Amino acid sequence: MVSILIPFKNTARFLPECLDSIRAQTTDSWEVIAVDDHSTDDSFQILTKIAKIDTRIKVVKNSGQGIIPALRTAYTYALGDHITRMDSDDIMKPDRISSMVESLQEFGQGHVAVGQVKYFSDRGISDGYDRYEKWLNQLTSKGQNYTEIYKECVIPSPCWMVHRADFDSCGGFAPNRYPEDYDLTFRFYEQRLSVIPCNKILHLWRDYDTRTSRTHEHYAQNYFLDIKLHYFLRLDYDANRPLVVWGAGYKGKTIARKLIDQGVNFTWLCDNPNKINKKIYGKQMLHFKALLGLQRPQSIITVANEKAQLEIKDYLKGMGSESMRDYFFFC
C-alpha cells in the first residue's frame, strides 16, 4: 500500500479537485493522511465530508504548526509500504501512483521514483516556471537529477515515492530545515538513493499568487542558499583542496559571508573590472585567471547569467575539471 501524505492550509477551493484526482487513480492500494495546518477557511470541513464517503482518507489536525510538523503528524499515521507526498492544490495524473509503485517494485530498495511535472495556471505560466519545468523534466527523463542538485530542488516535493525503509534511513521529516522538500532531496542524495528515470508527466503543479512557495519566508532565496552550503560542506567539500567562489552578486556575497562566519578559507573570483582587487568583507576580489595558480581547486559558482555560466563551464572543462567533483553551480 502507498501512504499519500497531504499537509493543507486554506486550500478549500482546490481540495475537491485534488482528492478527485487521487480517488481516480488506476490502483486502489493507497491511503491518504491529510493534516490540517490550522486552516481558517472550509478546508477541514470539505476534507472531513470526503473522508466520510471514502474510508481510505484520514483527516487529522496538525500537532504543531507549519508544513514540517504537519508532515511529521501525517507520517505517524502512515501504514503504507511506500511513502509519497501530495500538495493539496495540485492534481495527480490517473497513473501516477501505479507508475511509481511499478518502478519501485522493479528496481527495489535504494531507489526513489519520480515523475515529470507540468505547471498550470488560470493566468498562464511565467517564463521562469516554464524554464524550470523543462529543466526538471529533462533531468528526470534520464534520472540525472543529482547532477545539478546545487542549482535548484531537483525532485519536486509532490512527485516522488520511496520505500518506507529508505524514507526512514533518510531521516524522514525529522530535520527542522526549510525548504523541507529541498532538504529531503539532499538527504536522498546523501543516502545514495538512485533516481529512476521517468518519461511520463505524472503530476500537474498549480501556480497561483498565494501558493506557499511564493509567499512564505521559509522559501526565500536565503533559505535555499543555507541548505546548499550546509550540504556542500557536509557532502562534497574537500578541506584538503583550495575552495573558490565565483561571482560577487547577491548569492556570491551571501555564500562568502557564510563561509567567513564558519571560518572556511576561500579565494574569491570575478571578471568585473570594477570589483577586481577591491575588498568585500575584508576579502580581496581576484581576476578569474588566479584559478591557474591553485592546485586542484573546488569551485562554487554563483554567477546567474546563463551565457556567463556556459563560458565558465567551458573554461573549467578546458582545465580538465569535472562537474560535481571540481565545480558546483549554485544558481
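Here is the link list: K142/K258; K289/K313; K251/K307; K228/K279. Which ones come out longer than 22 Å on Cα distance?
Numbers: K142/K258 34 Å; K289/K313 14 Å; K251/K307 17 Å; K228/K279 25 Å.
Going by Cα-Cα distance, K142/K258; K228/K279 fall outside the 22 Å limit.
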The relative contact order of the chain, taking Cα pairs under 8 Å that sit 6 or more residues apart, comes to a percentage of 16
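Compute the Rg/Rh shape ratio of the range 237-329: radius of gyration over Kirkwood radius, all on alpha-carbon atoms. Don't skip to the end; give the middle numbers.
Values: Rg = 12.3 Å, Rh = 13.3 Å.
Using Cα coordinates only, the ratio equals 0.92.
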HN-Hα couplings for the range 179-194 via Karplus (6.51, -1.76, 1.60; θ = phi - 60°), in whole Hz with x for Gly/Pro, come out as x, 5, 6, 5, 4, 5, 4, 5, 6, 4, 4, 4, 7, 6, 6, 6
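Would you list I97, I312 from fewest to most Cβ contacts within 10 Å? Kindly include the intermediate steps, with their values, before the conclusion.
Working: I97 24, I312 21.
Placing the least packed residue first, the sequence is I312, I97.
Using helices alone, I'd like the mean residue ellipticity at 222 nm for the chain: each DSSP H run of four-plus residues gives -39500 (n - 2.57), total over residue count, nearest 500. Each step should come with its number before you reach the end.
Working: 11 runs with 116 residues, N = 331.
Result for the chain: -10500 deg cm²/dmol, rounded to the nearest 500.
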Once both label points are put 7 Å beyond Cα along the C-beta direction, the Y237-E311 separation in nm becomes 2.9
Restricting to lysines and to Cα separations under 16 Å from K118, and discarding same-chain partners fewer than 8 apart, the set is K93, K134, K200
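Rank the residues L243, L47 as a footprinting-exposure proxy: fewest other Cβ atoms within 10 Å of their Cβ go first.
Details: L243 20, L47 28.
Ranked by crowding around the Cβ, least crowded first: L243, L47.
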Under the 7 Å Cα-to-Cβ spin-label approximation, L294 and Q109 lie apart by a distance in nanometres of 4.0
In Å, the Kirkwood hydrodynamic radius from C-alpha pairs for the range 2-219 sits at 17.3
By the mean-Cβ-within-10 Å protection proxy, highest first, 109-116, 231-238 rank as 109-116, 231-238
Residues I196, I280 in order from fewest to most other beta-carbon atoms within 10 Å are I280, I196
Once normalised by the length of the range 42-189, the mean sequence separation of its alpha carbon contacts under 8 Å that are 6 or more apart gives a contact order in percent of 27
Between S63 and M324, the two model label points (7 Å from Cα along the beta-carbon direction) sit apart by a distance in nm of 3.6
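Read-outs: derived from the displayed coordinates by stated rules, not from any lab. Just so it is clear, the model here is predicted, and its values are computed rather than measured. With ideal geometry, Cβ positions are generated from the backbone for all residues, glycine too; neighbour counts draw on all protein chains shown.
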